[in-house]
Each structure stands twice: as structure tokens, then as C-alpha cells.
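A.B. asks: Structure below; questions to follow.
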Amino acid sequence: MVSEVKSVTGRGIPLQGNDIDTDRIIPARFLRCVTFDGLGAQVFADDRVQMNGQHPFDRPQYQGAEVLVVNANFGCGSSREHAPQAIAKWGIRAIVGESFAEIFFGNCLAMGIPCVTASAATTTTLQERIAESPQVLVNVDLETMQVTCGDLSAPVTLADGPRSMLVNGTWDACGQLVAQAAQIRTTAAKLPYVQWSRAAVS
């Protein structure tokens, strides 16, 4: 199975503010879930209550958006993988920001969600453009390393390793194992300790 992520196109959602941590993205009380299903409805739960329906994730013009535009140090705080899971379950497929916390970035990469960085001027302009025209499409292209929104086109950055994993579809560790199942069985059959463990069980 190939899960290449070469570009993501969709409507955007602007989320302003630096240092938005994972506890704000998905509060700790939701970490007791057995699966990640349903987490999308709880993303930014406390912030949304405080903003009384005016949080971007509540506002009707942003429903169905797929590209999140944030500012600096997004996803800082605890390492909970529930944070990117909640964002993805809500519908986000790519994130553009000034910078990302390292563990949050890695958790997103493991899910095939590109987190590309752009200048502060670019992210602010993107947020303004989306707020003015919520129906405008945002395109994040990992081959040209550009983000476009209407007549705006600006460079984005992503380290070569993560970029290659996304573009070539090798970010999906489980998918890679399934795709190579026959080779894995062949290799396992040649390993003496696998044979010994089978003999001990039988």
C-alpha cells in the first residue's frame, strides 16, 4: 500500500496565537479514550467553551476546512499523540505554521499530516486571506515546497527526511509492514531463534 502525500488542497482555518499547547488542543480528561474515534468533536474543547461559539473550529464558515494555519511553537507541552489525532479526526490534513514542537511534529508525520513552516509574514497573510474569504482554497505542495492561496504564493520549508517520507509514502510504518508481509515471513523463516520459539510453543 502506497500512501503518498505530495500535496494537500482544501479550505483553510486560521488559528491565531503562539505557544498553543497540546492540553489546549485536547484536554487531559479526553485521554482516557480506548480509541481515537470521536476525538475530533472534542478538539480545543475548553477554548471553544470559553469563546462561546466564536472559536474558529466552531464558526460555520470554517466547517469542512482541511488546512490549518497557525503561528509559532504550535503543539508544545506534553507529548500526547491524541492532539494530532483530534485535529485529524476533525478533518485537518495539513498544517502551515511558523514553527512546531518537535514531538507534535513527529506525531503528525507518523499520521501522514505534513507540518510545513513558513515565515511569520506568510502565516499572518494566510490567516487574513482565509478570514476574508473562507471559501478560498489553500494548496500545500510538497514537491514545489510552496503554499498558495488565491494570488498568494509563498515558500514553505520541511526537512528533507520528513518530506521524502511523505512524498514517497514511507511515513506509514504499518502500511509498509503490510506491503512487505511476504518478505517478512520469508526472512522470519530463516531466523534460527524464530524456529526455536515455534518449536518451544509446539
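Bear in mind that the values in this text are calculations on the coordinates, not laboratory data. What you see is a predicted model, and the numbers here were worked out from it, not measured in a lab. Neighbour counts are summed over all protein chains in view; Cβ atoms, including those assigned to glycine, are modelled from backbone coordinates with ideal geometry.
A.B. asks: In deg cm²/dmol and to the nearest 500, what is the mean residue ellipticity at 222 nm of the chain if only DSSP H runs of at least 4 residues count, each as -39500 (n - 2.57), divided by the residue total?
C.D. replies: Helices in the chain give a 222 nm mean residue ellipticity of -10000 deg cm²/dmol.
A.B. asks: Also: Can you give the percent of C-alpha pairs in region 33-182 whose distance is more than 18 Å?
C.D. replies: Here the tail beyond 18 Å accounts for 61 percent of pairs.
A.B. asks: Between residue 153 and residue 29, what is the spin-label point distance in nm, taking each point 7 Å from the Cα along the Cα→C-beta axis?
C.D. replies: It is 4.9 nm.
A.B. asks: Calculate the length of the line joining the C-alpha centroid of region 83-114 to that of region 34-63, in whole Å.
C.D. replies: Each part's Cα centre sits 16 Å from the other's.
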